[in-house]
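Structure, as structure tokens:
The values are calculated or read from the model by the stated rules, or taken from the named source; none is laboratory data. From a predicted model like this one, the values you see are computed outputs, not experimental measurements. Counting neighbours? That spans all protein chains shown, and the Cβs are built from the backbone with ideal geometry, glycine included. The area values use the complete protein model at the heavy-atom level, side chains included, leaving out ligands, DNA and RNA. Shrake-Rupley method; radii C 1.70, N 1.55, O 1.52, S 1.80 Å.
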Amino acid sequence: MTTTDADTVVAAFVKRTGRQPEGVWAAPGRVNLIGVHTDYNDGFVMPFALPQSVTVAGSRSGGDTWSVTSLTVPATETFGRSDLRPGMSGWVAYCAGVVWALTEAGHEVGGAELVLTSDVPRGAGLSSSAALECGVLTALADLYAVDIAPLARAQVARRCENAFVGAPTGLMDQAASTLCTSDHALFFDCRSFDAEQVPLDLTAAGLEILILDTRTPHELVDSEYATRRASCEQAARILGVGALRDVVDLDAALAQLPDETMQRRVRHVVTENARVEAAAHALRAGRIADLAPLLDASHHSMRDDFEITVPTVDLAVDAARSAGALGARMTGGGFGGCILALVDAGDGDRVGHAVATAFAAAGHRRPQWFLADPSPGARRLD
Ligand code: GLA
């Protein structure tokens with residue numbers, strides 16, 4: 001938890017430098033409630049932030065050198081301004097890329113000594129990399145009094161991911177880590193960047209959200225993600241629209257597409273955008289339970305039309321639904337990772353055990369699970 005992690009990074013910072021840090025910051029991972037592969041199609045998404053975060057203790061060190069110690073890896077990496085070239089690899093690229101992207105955007109930050117830790121599960125579709133980017137960015141921006149609005153922070157972090165690390169992602173993960181608030185989901189328009197906090201008070205509604213990590217390796221995830229994105233962009237070009245967000249008549253659009261696979265990709269994006277809007281409508285009215293059929297439909301669309309689920313994920317969703325989850329779907333970019341299930345209050349652990357039993361029967365590794373509380377976005381802790 002954050003308090004413990006803050007104590008841990010401060011103690012490690014003091015041990016390493018002999019001084020107290022100038023500050024401590026945290027940036028969360030996220031779970032995407034609904035709106036999958038819609039962000040880079042200029043569509044809608046609805047993530048909320050997790051309590052699991054990257055926590056950073058840091059001080060300015062002057063000069064042009066950054067030293068970052070990860071207690072999670074564990075390792076210390078040092079880089080200077082001349083090292084800031086896209087293509088750097090490993091976890092430190094997410095830190096160096098933030099300095100690079102801040103500089104590219106006209107924000108000057110000097111050297112720093114940072115010590116960080118993370119309790120965001122890695123490779124599980126919960127945005128551990130966006131949490132790392134946003135944690136480092138929040139620390140550096142604060143240390144050097146950089147005047148940068150929350151949305152611009154998310155855009156800088158995304159530029160790090162796209163142009164420095166080289167992953168062609170949309171803006172959702174960084175927007176979630178930066179903009180989310182407690183007890184709310186973020187209804188985010190990825191074209192206009194309008195951000196609406198929609199209430200998600202699960203306790204008041206007598207509900208829980210279970211996040212279950214199938215611990216399925218994310219094989220091929222990078223190439224499959226890029227392929228899906230390219231297919232969407234090609235379809236938009238054929239349809240003569242700026243992005244699939246602009247498709248208004250789905251049947252007419254499908255009739256113009258050359259092959260069945262592309263038709264299914266487009267149907268997923270268009271129907272998923274409609275589901276996110278329906279979810280926002282339900283949450284604004286305080287009807288959280290109305291999310292359940294939307295979650296189910298989203299999963300079916302990911303499985304059958306966008307084809308980004310894998311058998312373990314489908315098994316987890318089916319087992320959760322059979323055990324009484326009100327609705328369930330994969331969350332994250334796909335090809336493994338976590339599912340989320342909306343369940344009655346007090347039922348989450350039982351549903352988790354039911355999925356574990358189904359996994360054992362099928363010979364899969366035991367899944368891990370926790371209940372998710374909609375939590376605050378990136379911030380200074382101390
Ligand atoms: C990953 C990307 C996001 C988004 C999702 C799929 O998390 O980083 O930009 O495209 O996949 O919804």
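Key figures for this structure:
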read-out	value
Test: residue in segment 327-334 that is more than 16 Å from the ligand (Cβ to nearest atom) and open to solvent by 20 Å² or more (accessible area, probe 1.4 Å)	no
Subset tally (residues that are open to solvent by 70 Å² or more (accessible area, probe 1.4 Å) and within 13 Å of Leu140 (Cβ to Cβ)) for segment 66-109	1
Answer from Ala154, Ala112 - the residue that is under 30 Å from Glu233 (Cα atoms), modelled with pLDDT of 95 or more and open to solvent by less than 10 Å² (accessible area, probe 1.4 Å)	Ala154
Unmet requirement for Gln174, which otherwise passes all of (1) within 20 Å of Ala372 (Cβ to Cβ); (2) within 14 Å of the ligand (Cβ to nearest atom); (3) of a type outside the set (Gly, Ala, Ser); (4) touching a residue at least 60 places away in the same chain (Cβ under 8 Å)	(4)
Members of segment 115-151 found to be open to solvent by 20 Å² or more (accessible area, probe 1.4 Å) and acidic (Asp, Glu), listed by number	Asp119, Asp142, Asp147
Qualifying residue in segment 305-323 (condition: in contact with a helix residue (DSSP H, G or I) (Cβ under 6 Å, 6 or more places away or on another chain) and basic (Lys, Arg))	no
Tally, over segment 11-60, of residues that are open to solvent by less than 10 Å² (accessible area, probe 1.4 Å) and either more than 16 Å from the ligand (Cβ to nearest atom) or farther than 24 Å from Asp194 by Cα (or both)	12
Any chance Ala372 is farther than 20 Å from Gly123 by Cα and either modelled with pLDDT of 95 or more or small (Gly, Ala, Ser) (or both)	no
Residue match in segment 307-325 (condition: under 23 Å from Asp347 (Cβ atoms), in contact with a strand residue (DSSP E or B) (Cβ under 6 Å, 6 or more places away or on another chain) and surrounded by fewer than 24 Cβ atoms within 10 Å (Cβ to Cβ))	yes
Some residue of segment 193-205 being acidic (Asp, Glu), part of a helix (DSSP H, G or I) and either touching a strand residue (DSSP E or B) at 6+ places or on another chain (Cβ under 9 Å) or open to solvent by 40 Å² or more (accessible area, probe 1.4 Å) (or both)	no
Subset tally (residues that are more than 21 Å from the chain's Cα centre (by Cα) and without any contact (Cβ under 8 Å) to a residue 12 or more places away in the chain) for segment 291-317	1
Residues located in segment 308-332, provided they are among the β-branched types (Val, Ile, Thr), in contact with a Phe, Trp or Tyr (Cβ under 8 Å, 6 or more places away or on another chain) and assigned to a helix (DSSP H, G or I)	Thr312
Filter result for the condition that a residue is in contact with a strand residue (DSSP E or B) (Cβ under 9 Å, 6 or more places away or on another chain) and either among the β-branched types (Val, Ile, Thr) or within 14 Å of the ligand (Cβ to nearest atom) (or both), over Arg275, Arg228, Arg215, Arg265	Arg275
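Per-residue answers, yes or no, for (1) of a type in the set (A, V, I, L, M, F, W, C); (2) within 17 Å of Val310 (Cβ to Cβ); (3) in contact (Cβ under 8 Å) with a residue 12 or more places away in the chain; (4) surrounded by fewer than 20 Cβ atoms within 10 Å (Cβ to Cβ):
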{"residue": "Thr216", "(1), (2), (3), (4)": "no, yes, yes, no"}
{"residue": "Ala226", "(1), (2), (3), (4)": "yes, no, yes, yes"}
{"residue": "Arg229", "(1), (2), (3), (4)": "no, no, yes, yes"}
{"residue": "Arg237", "(1), (2), (3), (4)": "no, no, no, yes"}
{"residue": "Asp246", "(1), (2), (3), (4)": "no, no, yes, yes"}
{"residue": "Asp251", "(1), (2), (3), (4)": "no, no, no, yes"}
